[in-house]
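Chemist: The structure under discussion is supplied below as structure tokens; questions concerning it will follow.
Read-outs throughout are calculated quantities, based only on the coordinates presented, and are distinct from any laboratory measurement. As the structure is a prediction and not an experimental result, all values here were calculated from the model. Here the Cβ positions follow ideal geometry from the backbone for every residue, glycine too, while neighbour counts run over all protein chains shown.
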Amino acid sequence: MTAAPARTDAISTSLRLAKSLDLAKRGQLKAAQSVFGLGSQLPADPVELHALAALVTKEGDYTRALQLWRLLLTRVPSHSEARRMMDAIELWQMRPAWYGVIPWVAGAVGALIVTLIFGALLSGPEPSRKPEVTAPAVVAPTVAPTVPPAMPTEPAHSPGVKFPSPKSKKTNR
């Protein structure tokens, strides 16, 4: 009994996909692509072409990836992933040249903000300092001779009540 050709193709496609996936996981993208053919020998199977286009996109060769996605879309016109990837790559290629700097600037600003926040948190509040008390300079007082006030003999102004003095008191005996 011989295996049906469609089943044999499906098994070989599955094996190539598994081998390619293993190589891609190890970071060997060129080797993973070579599983599906090199140069002008593009896979006839749409599943393999899809895998190859995804590998080329992951590698960053967007010009070649766009060609592969377009080829896949011509072979399978209803392939939504091919349409989505073509749109994304075309949008990426239309971006201004300075656009690639944005992630670096955002990262630098973010790092600066995090550094400032952690710096503020780690330094904590300033410990309260007691004001330094300095002793006042000791100045020897200048002593002026003091004269005690003179005791008045009579008040300058006496109140309206007068008390009799004991000498002027008459006794009635």
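Chemist: For region 14-96, take the alpha-carbon Rg, divide it by the Kirkwood Rh, and send me Rg/Rh.
Modeler: 0.97
Chemist: With labels modelled as points extended 7 Å from the Cα through the Cβ direction, what inter-label distance (nm, one decimal) is found for K19 paired with V47?
Modeler: With each label placed 7 Å out from Cα toward Cβ, I get 1.6 nm.
Chemist: Using 0.36 nm per residue, how much length does the chain from A106 to S34 gain when fully extended, once their Cα-Cα distance is taken away?
Modeler: Extra length available between A106 and S34 comes to 22.2 nm.
Chemist: How much length would be gained if the chain were fully extended between A88 and R75, taking 0.36 nm per residue of separation minus their Cα-Cα distance, in nm to one decimal?
Modeler: 2.7 nm
Chemist: What residues of region 36-71 lie in the reach of a label at D9, counting those whose backbone N is under 13 Å from a point 7 Å from the Cα along Cα→Cβ?
Modeler: Residues 43-49 qualify, since their backbone N sits under 13 Å from the label point.
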